[in-house]
Amino acid sequence: MRFKLPLFFFALFTLLLAAQLCHVGILWAEEALSLAIAQQMLHGHFLYRDLWYDKPPLAAAVHLLWGAQDGVPLRLAGALFGLLACWLAFRFARDLWTQREGLWAAGLLGFFLTFDFPSAAVPLSSDLLLLVPHLAAVWLAWKRRPFGSGLLLGVGFLINPKAAFVGAAAVLWYPAGALWMALGFTAVNAAAAAWLAAAGALPFYWDEVWRWGRLYASSSFLETPLRNGLLRTAGWIGFHLAPIAAALWFFSRGRKPEEQPWPWQWAGWFGLSLMGVALGWRFFPRYYFLLLPLLVLAAARGFTALGRRRAWVALLLLIPLVRFGPRYILLAAGRTEWTDTAMDRDSRAAARLVQPRAHPGDTLFVWGFRPELYIYTGLPASARFLDSQPLTGVPADRHLTQSTPVETEGPRQHRAELARSSPTFLIDGLGLYNPKLAIGNYPDLSAWFARYHEAARTGQTIVYIRNAP
């Protein structure tokens with residue numbers, strides 16, 4: 001079977017690339033900010049100190065690997081990332097059992113990185129990016145290589161703080177290596193802290209990622225978050241019935257009593273991952289990627305142990321295939337007129353209004369959470385803020401319909417900082433959605449806003465230009 005491995009992974013990469021290229025004309029909200037931040041870094045701005053960003057540094061810096069470009073380079077990077085994750089799943093399952101389980105694990109992971117909600121599966125968000133260090137760190141822990149596991153946990157933590165749950169799972173799989181894991185983790189994060197401190201960005205990093213992150217995570221925008229969590233988890237289970245059924249077969253009937261890892265290690269990994277999914281009580285589809293490494297590994301062993309019955313269980317893969325497959329056919333035909341892409345289409349239309357009016361040296365500020373406008377216009381930011389979250393105190397997960405801030409003092413100081421900037425273009429991408437948060441409603445910005453006049457508008461966006469001196 002060894003000679004067939006290159007063909008298998010080539011076919012898997014072809015599937016991932018084709019799925020990614022179907023989205024080449026769309027930027028999803030989960031990827032736009034990180035990509036825009038990376039582009040501003042290429043303009044010479046330093047992360048956190050010069051750019052307000054509420055995620056760990058590698059979530060944005062990874063985009064520098066392909067020049068922070070959107071379009072084909074971004075989608076090619078997504079496909080290569082998916083292939084790397086599938087290869088890690090293959091190696092992990094092969095080392096645990098045999099090559100057959102490895103192929104099942106890689107195939108299942110590639111399938112669910114394709115047939116899932118596009119807003120979750122396509123963007124290289126911090127939740128998806130954590131998938132590779134997650135798989136690699138637990139795999140190395142099982143292989144009794146704790147320092148390498150700790151290094152990868154440190155990398156994961158610089159992508160997504162939920163790597164802390166992965167670290168706890170890695171310790172469960174190799175408790176004796178906990179100290180070495182901690183040393184590896186500390187080495188990576190100490191180097192990152194020194195880099196930020198040398199640039200004078202460490203206090204900004206603490207404020208933007210951790211203080212704001214705590215405010216964000218501690219305030220849900222949902223009236224019944226538990227009910228929402230149960231419904232979304234039920235939906236996730238429905239789309240993943242095939243690997244869940246195979247995994248249950250492995251745990252109940254397909255596992256030898258002496259086989260390691262032990263059941264409590266699998267259960268601990270599952271419990272910790274579920275805690276990470278539930279953190280903040282939002283249950284966005286992309287959060288469930290924390291459960292995927294465990295699921296595809298256990299399912300790979302289960303499908304192998306099922307024998308001829310595996311075909312019946314595999315039929316359950318038709319559920320996500322039928323649900324998400326037709327979208328790719330429509331995308332390939334150029335049809336993107338869906339509700340979840342409406343804002344992206346509006347942003348492209350607004351950018352087309354700006355570009356003929358723009359000149360070298362012009363700058364931009366966007367009110368609202370529309371970072372894709374920096375990408376589509378190609379204009380550099382005029383201030384630290386690429387969106388209005390730190391200026392209103394209202395997180396982007398709710399500001400289209402709600403206007404209650406999670407803090408007030410910080411936004412007041414940030415608005416004073418914004419008023420000292422002088423962008424050529426001001427784009428309001430929020431006020432037509434939620435008039436209570438329109439930029440004109442803030443008295444401390446009224447004198448600054450008076451320096452601009454409306455030049456054009458789309459269905460949900462207003463373009464302002466700075467008045468002539």
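Points to keep in mind about this one:
- Per-residue HN-Hα couplings for segment 157-166 [Karplus 6.51, -1.76, 1.60; θ = phi - 60°; Hz; x = Gly/Pro]: 5, 7, 9, 8, x, 5, 4, 4, 5, 5
- Arg457 long-range amide H proximity, modeled H, under 5 Å: Val463
- Arg100 paired with Ile319, simple spin-label distance in nm, labels 7 Å along Cα-to-beta-carbon: 2.6 nm
- The angle separating the long axis of helix 292-305 from the principal Cα axis of greatest extent in the chain is about 30 degrees.
- Bridges between two residues of the chain, per DSSP, are antiparallel at a rate of about 60%.
- Computed FRET value (nearest 0.05) for Asn228 with Lys4, which takes r as the C-beta separation and R₀ as 35 Å: 0.20
- Karplus-derived 3J(HN,Hα), 6.51/-1.76/1.60, for each residue of segment 312-326, Hz, glycine and proline x: 5, 5, 5, 4, 5, 5, 5, 4, x, 5, 5, 6, 10, x, x
- Between segment 115-186 and segment 369-440, the Cα center-to-center distance that results, in Å: 33 Å
- Sites Asp340 and Arg457 - FRET efficiency at Förster radius 22 Å, r taken between beta-carbons, to 0.05: 0.50
- Grouping the Cα pair distances of the chain into 10 Å bins from zero gives a pair-distance distribution of 4, 19, 29, 25, 15, 6, 2, 0, 0 percent in increasing distance order.
- For the chain, the longest principal axis of the C-alpha atoms and the axis of helix 263-278 are separated by about 20°.
- Antiparallel %, DSSP beta bridges [both residues in segment 341-466], to 5: 65 percent
- Counting all C-alpha pairs of segment 341-466, share separated by more than 22 Å (%): 28 percent
- Sites Arg398 and Trp195, calculated FRET efficiency, Cβ-Cβ separation with R0 41 Å, nearest 0.05: 0.80
- Working note: Karplus 6.51/-1.76/1.60 with θ = phi - 60° gives segment 118-131 the couplings x, 5, 9, 7, 8, x, 7, 7, 5, 5, 6, 4, 5, 4 Hz, where Gly and Pro are set to x.
- Rounded to the nearest 10 degrees, the inclination of helix 72-96 to the longest alpha-carbon principal axis of the chain is 30 degrees.
Just so you know, all these numbers are worked out from the coordinates, no wet-lab data involved. Since the model is a prediction, treat every value here as computed from it, not as a measurement. Counting neighbours? That spans all protein chains shown, and the Cβs are built from the backbone with ideal geometry, glycine included.
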